[in-house]
């Protein structure tokens, strides 16, 4: 098996080990810990008050705006990685292209900024 | 047939090496989390002029062990209205990426789990997987505190991921490789990346504080308003898993800082000490560097107050992202304009670091002014 594939076997093995450790600890806890559920214990914790309704409802849209801007920038960053590694091979042409690409995104960021999408209030 | 090390068949050696690497890293990570809890409590105590744990074992050394045993024996409560499978799987989703991050980190010359050629990208990807676990935990708990904590955490982590990855890209540009081993090899002696790219180090460290939900960015767990944030509904061992994952993340970020900017295992006598002692010294230097940054994390926690959520978002989007983008482009242009000499890059980066530090008070002044104007308008 080539070395390249072997490294990804390691990655998979470590993910498996992470899940395995958590499962093992949960098993140990299940064997050792008492289990005595009561009605009050199984309600959601709301500082001692009786919870009203569920939590699965509406929440502030700020998070949504930030998530949208984030998606744009995260995709941008993925494009930056190959360019960064090959910076010297691609030379000035690469820098100019990336600068144009970034400029378009920065205009977007500036627009969001002026629209007060980046301010919480 | 070619023979592997210790006269073993290469195929068998591959399996043996994998098992050894797994066992070592699991022990190191779990012990690291346990000892970090103890160190954190002691450091906080000394900073606040008190003793910290002293009763269990000598100097209270066994306190964390006792806590772990206690958590193991605690009832594991799953409230009635939670989303069962998401609630149960969230700790694993947070924990296993943290463990898997250690695969690519070189501990000493030749001592690395797997030298992936996309090491940095891999680390960035695993860092963002934590967000999934935390948002899932917040949503699945069906608790209002948890939901707000999980969402805040999601918003914070995804925002700070952008400057964090941009800082990593700057280092990749300098070295011309994404492999962690290549990055360490590029910094022999005093040629540490931190002297060349100080601003990227600072922005990465700030973003790293936010990515690990540590002070002053620990809003998702702001106990005065959200009880325990996304952890509110978790108890017993499940809570402990989240806790360990969090401390593990702190050491992962510190290890990345030590590797990328401070030369990883490079240190005095590593190259001259021989094939057996050299790696041991390498591990020692690497651990010392990593724990130095873990201590800085703790020091910051004891010193700084918590941000408000709008300040947190503004710091990221209005200061860190423009700064890292500028830094990236300037570094790229200078690297191309002066091939063969890193001095212009270093000088420009130190100037940019100075400008960045000067920009912070200006930024605060403007924010305060707008806040006062709002208050006046409201009065």
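All of the numbers you see were taken from the coordinates with simple rules; none came from a lab. Keep in mind that this is a model prediction, so the values were computed, not measured. Because the Cβ atoms are built from the backbone with ideal geometry, glycine has one as well, and the counts that use them run over all protein chains shown.
Annotations for the structure displayed:
- Working note: Cα atoms of the protein assembly as shown, range along each principal axis, descending, whole Å: 74, 71, 47.
- Overall, the anisotropy analysis places segment B:1-73 in the prolate class: the square-rooted eigenvalues a ≥ b ≥ c of its C-alpha gyration tensor yield a/c not less than 1.5, with a/b exceeding b/c.
- Cβ crowding within 10 Å averaged over residues, with B:145-151, B:264-270 ranked highest first: B:145-151, B:264-270
- Seen through its C-alpha gyration tensor, with square-root eigenvalues sorted a ≥ b ≥ c, segment A:3-114 comes out oblate because a/c lies at 1.5 or above while a/b is not bigger than b/c.
- The rule of thumb for compact globular proteins, 2.2 N^0.38 Å, goes into the C-alpha radius of gyration of segment B:78-306 1.07 times.
- Using a Gaussian network model of chain A in which every pair of alpha carbons under 10 angstrom is joined by a spring, one finds that among A:51, A:34, A:82 the greatest mean-square fluctuation is at A:34.
- Among B:196, B:136, B:347, the largest mean-square fluctuation in a Gaussian network model of chain B, built with springs joining Cα atoms closer than 10 Å, belongs to B:347.
- FRET efficiency, 1/(1 + (r/R0)^6) with R0 41 Å, evaluated for residue A:54 and residue B:194 via beta carbons: 0.25
- Counting Cβ atoms of other protein chains within 10 Å of each Cβ in B:44-57 and taking the mean gives 0.
- Whole-percent P(r), segment B:170-225, all Cα pairs, 10 Å bins from 0: 21, 37, 24, 14, 5.
- Helix A:87-114 axis, angle to chain A major axis (alpha carbon atoms, nearest 10°): 60
- Kirkwood Rh, Cα atoms: Rg over Rh of segment B:287-379: 1.11
- Volume of the convex hull of segment B:54-156 (Cα atoms only), normalised per residue: 168 Å³.
- Counting, for every residue in B:154-161, the Cβ atoms of other protein chains within 10 Å of its Cβ and taking the mean gives 4.
- Per-residue mean of C-beta atoms belonging to partner chains within 10 Å, peptide B:71-78: 5
- Residue A:117 paired with residue B:84, simple spin-label distance in nm, labels 7 Å along Cα-to-beta-carbon: 4.1
- Residues residue B:45 and residue B:333, FRET efficiency given R0 of 60 Å [Cβ-Cβ distance, rounded to 0.05]: 0.80
- Result for chain B in a Gaussian network model with C-alpha springs under 10 Å: among B:138, B:60, B:155, the largest mean-square fluctuation is at B:60.
- Sorting the segments B:307-317, B:252-262, B:124-134, A:85-95 by their mean number of nearby beta carbons within 10 angstrom, highest to lowest, gives B:252-262, B:124-134, B:307-317, A:85-95.
- When the P(r) is computed for segment B:117-199, the part past 22 Å accounts for 42% of the Cα-Cα pairs.
- Between residue B:185 and residue B:128, full extension at 0.36 nm per residue minus the direct alpha carbon distance yields a gain of 17.8 nm.
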